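Engineer: This is the structure I have questions about; it appears just below.
The values are calculated or read from the model by the stated rules, or taken from the named source; none is laboratory data. Fair warning: this is a prediction, and the values are worked out from it, not measured in the lab. Note: ideal-geometry Cβ built from the backbone for every residue, glycine included; neighbour counts use all protein chains shown.
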Amino acid sequence: MLRPKRTAPIELLNQALADGELNRRLLYIWSVSRGLCTTDFKPVDRKTADPRRIIPFLLESDKPGVFVLEDFHFFLDEGSQSASLAIRELRDLVGPFKAARKTVVQGRSPCLRTRSTAAWQAPCSAAAWLTR
């Protein structure tokens with residue numbers, strides 16, 4: 001069985017979780033192809049592969065953690081029909097996530113062409129979004 005290769009940013013997040021103030025939080029990775037998984041790619045809930053379900057799932061989850069949303073920016077693009085809802089849901093996470101020791105990280109493809117700029121953007125491995 002083929003397993004996806006863990007990327008350097010994921011390894012760095014694992015280190016930060018083990019070494020620093022983020023300890024006692026687990027790292028989870030979401031992608032549209034797998035849904036929410038542990039770092040060894042064991043599914044947490046396959047229904048979360050639907051991008052409309054991941055944000056409500058994270059809000060309802062009682063587990064402290066760091067949640068990497070790989071390529072979620074595609075669902076925030078102005079051309080996406082669900083962009084305004086996804087953006088609002090992400091903003092609504094800020095307060096509850098601070099209180100629950102949760103963090104969302106947006107993982108991004110190494111190269112991305114956006115509709116608004118029509119230009120290639122520089123690589124960005126992972127950028128923390130909401131809370132620490």
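Engineer: Kindly provide the set of residues from the range 50-75 that are of a type outside the set (Phe, Trp, Tyr), surrounded by 14 or more Cβ atoms within 10 Å (Cβ to Cβ) and in contact with a Leu (Cβ under 8 Å, 6 or more places away or on another chain), ordered by number.
Structural biologist: Matches in the range 50-75: 54, 55, 58, 59, 64, 65, 66, 68, 73.
Engineer: OK, next. Pull up the range 1-45, narrow it to residues that are loosely packed, with under 12 Cβ neighbours inside 10 Å and at pLDDT 90 or above, then point me to the one that is nearest to residue 71 (Cα to Cα).
Structural biologist: 33
Engineer: Being exposed (fewer than 12 other Cβ atoms within 10 Å of the Cβ), farther than 22 Å from residue 29 by Cβ and modelled with pLDDT under 80 is the filter here; which residues of the range 82-115 pass it?
Structural biologist: Within the range 82-115, 113, 115 qualify.
Engineer: Give all pairs with beta carbons closer than 6 Å in which a residue from the range 25-39 that is of a type in the set (Lys, Arg) meets a residue that is part of a strand (DSSP E or B) and crowded, with 17+ Cβ neighbours inside 10 Å; count only pairs at least 6 apart in sequence or on separate chains.
Structural biologist: If the second residue must be part of a strand (DSSP E or B) and crowded, with 17+ Cβ neighbours inside 10 Å, the pairs left are 25/65; 25/66.
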